[in-house]
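Asks: My structure is below; once you've seen it, I'll send some questions.
The values are calculated or read from the model by the stated rules, or taken from the named source; none is laboratory data. Quick caveat, the model's predicted, so the values are computed rather than measured. Glycine gets a Cβ as well: all are built from the backbone with ideal geometry, and neighbour counts include every protein chain shown.
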Amino acid sequence: MEKLTTRFGQTDYISPAMDFSKYTSYYHKEMGEGLTRLFVTFKELMDRTRLPDIKQATIALEAELAQESKRRVNLDPGYLTLGQLFLASTKDNFQRIYLRDGIYAEVTLYYEQGRYRTFPWTYWDYASEEYHMVFKTIRTDYKKQLRSDTPLSPP
């Protein structure tokens, strides 16, 4: 967590650790079994145009923390608006929009009538009520930040 706060600033929310392995075994060969996921948000609101830079920074951090060419962490940056949750990716696909520098953005969830909704491409874990509850908490905090006119971090 220290490396994240050094790079991105003070955190304002850290979710409980959630069992990631129940959704997929995709990372087991590289990272082992019993994986957990948590979501972290940062106090300073970001300028959306920084998403490619942030994704590149997390790729570098994953490599820095790797052991024997295997990642120990998988960092998936994204951002939440009042209506959507976006994730960054290096993989092209029909539902992803190219931003720059090999980075794509995907709308993973959208918020409508008081709840998060999925798309056909939404990963199973992101479709779970467990994650939706976390995003609702983050969304509530984000709304408060918007009301307080918190300035965006510079590009």
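Asks: Do we have Phe94 as under 20 Å from Gly9 (Cβ atoms) and among the aromatic types (Phe, Trp, Tyr) here? Lay out the reasoning, then the answer.
Replies: Working: under 20 Å from Gly9 (Cβ atoms): no; among the aromatic types (Phe, Trp, Tyr): yes.
Considered against the rule, which asks whether it is under 20 Å from Gly9 (Cβ atoms) and among the aromatic types (Phe, Trp, Tyr), Phe94 comes out as no.
Asks: Another question, then. Report, by residue number, each residue of the stretch 88-113 that is in contact with a helix residue (DSSP H, G or I) (Cβ under 9 Å, 6 or more places away or on another chain) and within 24 Å of Gly32 (Cβ to Cβ).
Replies: The answer is Ser89, Thr90.
Asks: Give me the pairs, please: first residue somewhere in the stretch 14-36 and farther than 25 Å from Ser69 by Cβ, second residue anywhere and hydroxyl-bearing (Ser, Thr, Tyr) and at pLDDT 90 or above, beta-carbon distance under 7 Å, and either six or more positions apart or on two chains.
Replies: Partner pairs satisfying both residue conditions: Ala17/Thr36; Met18/Thr36; Asp19/Thr36.
Asks: Can Tyr126 be described as over 20 Å from Lys22 (Cα atoms) and at pLDDT 95 or above?
Replies: no
Asks: Checking the structure you have, find out if any residue of the stretch 35-53 is among the acidic types (Asp, Glu), more than 20 Å from Phe135 (Cβ to Cβ), at pLDDT 95 or above and over 15 Å from the mean Cα position of the chain (by Cα).
Replies: no
Asks: Let me ask something else. Only residues that are more than 23 Å from Tyr111 (Cβ to Cβ) and either basic (Lys, Arg) or in contact with a Leu (Cβ under 8 Å, 6 or more places away or on another chain) (or both): list them for the stretch 85-100, please.
Replies: Lys91, Arg100, listed by residue number.
Asks: Can you pull out every residue in the stretch 10-21 that is farther than 19 Å from Ala88 by Cα, modelled with pLDDT of 90 or more and assigned to a loop (DSSP other than H, G, I, E, B)? Explain how you work it out, then say what you get.
Replies: The first filter runs over the stretch 10-21 and keeps only residues farther than 19 Å from Ala88 by Cα, leaving 10-19, 21.
Now drop any that are not modelled with pLDDT of 90 or more, which leaves 10-19.
Those that are farther than 19 Å from Ala88 by Cα, modelled with pLDDT of 90 or more and assigned to a loop (DSSP other than H, G, I, E, B): Gln10, Ser15, Pro16, Ala17.
Asks: Give me a count of the residues in the stretch 56-110 that are basic (Lys, Arg) and surrounded by fewer than 14 Cβ atoms within 10 Å (Cβ to Cβ). Write out each step before concluding.
Replies: Keep residues of the stretch 56-110 that are basic (Lys, Arg), which gives 70-72, 91, 96, 100.
After this cut, where a residue has to be surrounded by fewer than 14 Cβ atoms within 10 Å (Cβ to Cβ) as well, the list is 70, 72, 91, 100.
Summing the residues that are basic (Lys, Arg) and surrounded by fewer than 14 Cβ atoms within 10 Å (Cβ to Cβ) in the stretch 56-110 gives 4.
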